[in-house]
Structures are given as C-alpha cells and as structure tokens.
Amino acid sequence: REALLVLMYEELVQDPGRELGRLTRFLNVPMIWSDPAALLRERVNPSEIPRLRRSFALARRTGGLLARHDFNWPVRLAKRVGVRRWFGRTAAEPSMSAAERKRLADFYREDVRRLGVLLHRDLDIWRL
C-alpha cells in the first residue's frame, strides 16, 4: 500500500496544487511547478478531424516515422508553428445523453463500489 499512490483526475482538476503536492511528496522529489493550475489550461493530444484526409494521414505517418528514428525536432517545430491547423481542426468534445450516462453508471456501479473499498476512498464523484 505504501508503494502505490492513486490520484483521481477529478481531484487533480479541482485542486492541482494539492494533488501535485501529494505526488511530489510521495515520489520524494521537489515541486517544479510554480503554477500547477497552468498545466490544465492547455489541451494535450486533442482529438482532430482531418480536413484533407490523405494529407493528414501522410503527415501523421511521416511524423511517426521521424519519431521512431529519434528525429523529433521537425515534428515539434511543425506543431509549434501550427501545421496541425493546415490539415485538421480540433474536434468538439463529444456529448453524452443523460440516459446513456445513467446506463453506464448502473453498469459500473458495483465496480466503483468495490474500487472505493479497495482504495479506502469515497468515489461518490463517479456516481450519478
């Protein structure tokens, strides 16, 4: 139990400073973030909808090939200058109906209860 730290995403979003503090204390490393909330402002790996499917696929394959050969700087540079916008646009967050949310909550209810017991944590944040 002492060798495992479980962090909840919802708690990280609610209070990033507190949760990153827990993480750094657990790992016995210094806190390197002066503004932990800033970590949540930028979307990382957002879903994309290709504008030109073939060009987008070619760009992704090329980026993957470069990364596999430890030649990452052109990919990082292209991302920094906004090449993604040439090939695609960020997808809107998908929505979920209340009925679907309830169905999934019912389906996972027992698993969430058992996980809460195992972790000695209240997981009401995951319940409807």
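The values are calculated or read from the model by the stated rules, or taken from the named source; none is laboratory data. The shown structure was predicted, so the numbers you read here are calculated from the model rather than taken from an experiment. Here the Cβ positions follow ideal geometry from the backbone for every residue, glycine too, while neighbour counts run over all protein chains shown. The accessibility values were calculated without ligands, DNA or RNA, using every heavy atom of the protein model including side chains. Shrake-Rupley method; radii C 1.70, N 1.55, O 1.52, S 1.80 Å.
The residue that is farthest from the chain's Cα centre (by Cα), among those in the stretch 1-37 that are surrounded by 13 or more Cβ atoms within 10 Å (Cβ to Cβ) and of a type in the set (Phe, Trp, Tyr), is 26.
There is no residue in the stretch 68-81 that is open to solvent by 100 Å² or more (accessible area, probe 1.4 Å), under 20 Å from residue 42 (Cβ atoms), among the acidic types (Asp, Glu) and not in a helix (DSSP H, G or I). The single condition among (1) exposed (fewer than 12 other Cβ atoms within 10 Å of the Cβ); (2) under 18 Å from the mean Cα position of the chain (by Cα) that residue 64 does not meet is (2). Looking across the stretch 91-108, the residues that are within 23 Å of the chain's Cα centre (by Cα) and either open to solvent by less than 80 Å² (accessible area, probe 1.4 Å) or under 30 Å from residue 1 (Cα atoms) (or both) come down to 91, 97, 100, 104, 105, 108. Whether any residue in the stretch 33-46 is assigned to a loop (DSSP other than H, G, I, E, B), modelled with pLDDT under 80 and in contact with a helix residue (DSSP H, G or I) (Cβ under 8 Å, 6 or more places away or on another chain) is what I want to check. No, the conditions are met nowhere in the stretch 33-46.
Applying a threshold of 6 Å to beta carbon distances and a minimum spacing of six or more residues, or different chains, the list of pairs starting in the stretch 105-118 at a residue that is free of Cβ contacts under 8 Å to residues at least 24 places away in the same chain and ending at one that is open to solvent by 70 Å² or more (accessible area, probe 1.4 Å) reads 105/128; 112/126.
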